[in-house]
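Every read-out reported here was derived from the displayed coordinates using simple, explicitly stated rules and does not represent laboratory data. Bear in mind that the values here come from a model prediction, so they are computed numbers and not experimental data. Cβ coordinates were reconstructed from backbone atoms using ideal geometry, including for glycine residues, and neighbour counts include every protein chain displayed.
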Amino acid sequence: MTARSETPAPASTGTIRTVLAEAAGLVQLRAGESELATAAAALRQHIEAMLPVAEAHADTLWHGGGEWYRLRSTLDGIRREIASAPPLTPRSGHVRVELLRRWCAWLLDHYGPDATREERLMPAAVVDTGEGSSQTRGSA
């Protein structure tokens, strides 16, 4: 028996987009603590399933280059967020679900089950559209 658990395979794009939409609705409705915890757990599960693909892509880049640094920094920030302690207040619970929703949407767009190689390039900036997706800003 190993101490490391197997990473689940990413769910379908449609399933993940449904979770993203539900999470956005919970944040807008000021949902209760248990609903937010359930949404955060679902988002965390999808993020953990997509992170290995993103990390494998980072490993193919020249270590020390700007693109590698930006991607590695982003992925490290996502790892820190999903590993952090549960929120202590209702407000921080809403913030946590919103952050996880944005990271999950970004990973889905760039490293999800339907992402192509061209979509895996790290954008200069990620801008949330508020509709379960993200757009890039400042990329050439």
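Suppose the filter is outside any loop (DSSP other than H, G, I, E, B) and over 14 Å from the mean Cα position of the chain (by Cα); does Glu81 pass it? Here the answer is no, as Glu81 does not meet what is asked. Number of residues in the stretch 53-72 that are loosely packed, with under 12 Cβ neighbours inside 10 Å and either in a helix (DSSP H, G or I) or of a type in the set (Lys, Arg) (or both) equals 4.
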